[in-house]
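None of the figures in this text is laboratory data; all of them are computed from the coordinates on show. This is a predicted model, so every value here is computed, not measured. When we count neighbours, we look across all protein chains shown, and the Cβ atoms used for this are built from the backbone with ideal geometry, even at glycine.
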Amino acid sequence: MSGLSRGLSRRLVLGSAVALAACEGRAKSQPALAPPLLKSLKDSATFPVGTCVQVSHLDQPLWVQLARAQCSQLTPEWEMKMEYILQPDGTYRFDRPDRIAAFAKANGQRLYCTTLVWYAQKPDAFVKLDESRVNFASAFDNYITTVVGRYRGQAVGWDVVNEAVAEDGEGWRQSLWADKLGDFDHMRRAFDLAKAADPHAVLFINDYNLESLPKKFDTFQRLVERLLKAGAPVGGLGCQSHLAADLPGGAMTRTLQALARFGLPIHVSELDVSLSRVERRFAPRAELERGQAALYTETAEAFAGLPEAQRFALTLWGLRDKDSWLRGENAADAPAPFNDDGWPKDAAHALSDGLSAGLYGNAKPRR
């Protein structure tokens, strides 16, 4: 069937589903459930498709319905980071990450965890650490060993080092961890500790703007090379993919193909496509929405075109627009594949088409 015929068929079926749901909703005086895609995202792909999650989502029946239908992997959005787990007095709390882990297990979904070492976090427990009682290195080691070990056997992977490269590409970011343990040594140490705590989890270095800032991307690749040369157990590469809708076509394809040279699994780890974070701020919204859909297709097709062993997962950073962190920047942004009510947008259909490239043969990126 041609792409045009598929598109028309999809929209005819979707239109019928919308009409039926609306009629039933009026008859029962209840909100209509979102109509499904012709094929769910997870069933359109030959690799795991995921989303980020907060505990609050687990109490929303429509989000739960959507996540079960569309996703085969979950990433705690922030409740497995130090900002939640590590308390000012040095104790740990695991209630929310445990609940997310239990939900994933109960629903047959993979659990991917983020993040162990992030330059942006300076928890009081480390800043105010009494090193006459516990030295900094021992506290660092204990944190990683305890947290990774708790989810040993369930977590399929970890973002071990997150956003280490400076935005301008001039070396690595400064951080509490670099100051105390060495700018390179703290990263190597974190990978070694995580590997010892869970030998079977795939360990990632993860960063953003790799597709739009060439100098940053070059520095990221040099860091990966240095870690591997030093013997760090880096098991995968995370490309966050927070994209703007006017990103030139081909950028995501080139980025993923360049990363593939390392031979490691690749995770498109935080995919969204913003309509607000664009350079062409006065472009018509309909034009930006077309660019958004094209980028979802290109990213999925480029990922589906990687060697099978390198397709770790493609994770959305929010299923619905209202779930997105970008709403905090601009209430009018709509970066996700599904709208606030969980209804599929053109972006969802475009993403489904791109994911299907792995099933029916890889198409060229579209703009």
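Summary of values
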read-out	value
For the chain, share of DSSP beta bridges that run antiparallel, in % to the nearest 5	10 percent
Cut-off 11 Å, label 7 Å out along Cα→Cβ of Leu228, residues of the range 179-213 by amide N	none
Computed [θ] at 222 nm, helices only, for the chain once each DSSP H run of length n ≥ 4 contributes -39500 (n - 2.57)	-12500 deg cm²/dmol
In nm, spacing of pseudo-spin labels at Gln121 and Arg68 (7 Å Cα→C-beta vector)	3.0 nm
Of Ala45, Ala104, Ala196, the one that fluctuates the most in a GNM where the chain has Cα springs shorter than 10 Å	Ala196
Cα-projected label distance for Asn142 with Asp179, points at 7 Å along beta-carbon direction, nm	2.2 nm
The range 237-297: equivalent-ellipsoid semi-axes (sqrt of 5 x gyration tensor eigenvalues, Cα, Å)	25, 10, 9
The chain: DSSP helices with Cα axial extent of at least 30 Å and average Kyte-Doolittle hydropathy no lower than -1.0	3-28
Convex hull volume per residue in cubic angstrom - Cα atoms of the chain	140 Å³
Members of Lys195/Lys216; Lys122/Lys229; Lys322/Lys345; Lys81/Lys229 lying beyond 19 Å, as alpha-carbon distances in this model show	Lys195/Lys216; Lys122/Lys229; Lys81/Lys229
Relative packing of peptides 86-99, 332-345 - highest average C-beta neighbours within 10 Å first	332-345, 86-99
Label-to-label distance, nm, for residues given as Ala196 and Arg133 (7 Å Cα→Cβ offset)	2.4 nm
Segment Glu83-Ala260, extension gain: residue separation times 0.36 nm, minus the distance between their alpha carbons	60.5 nm
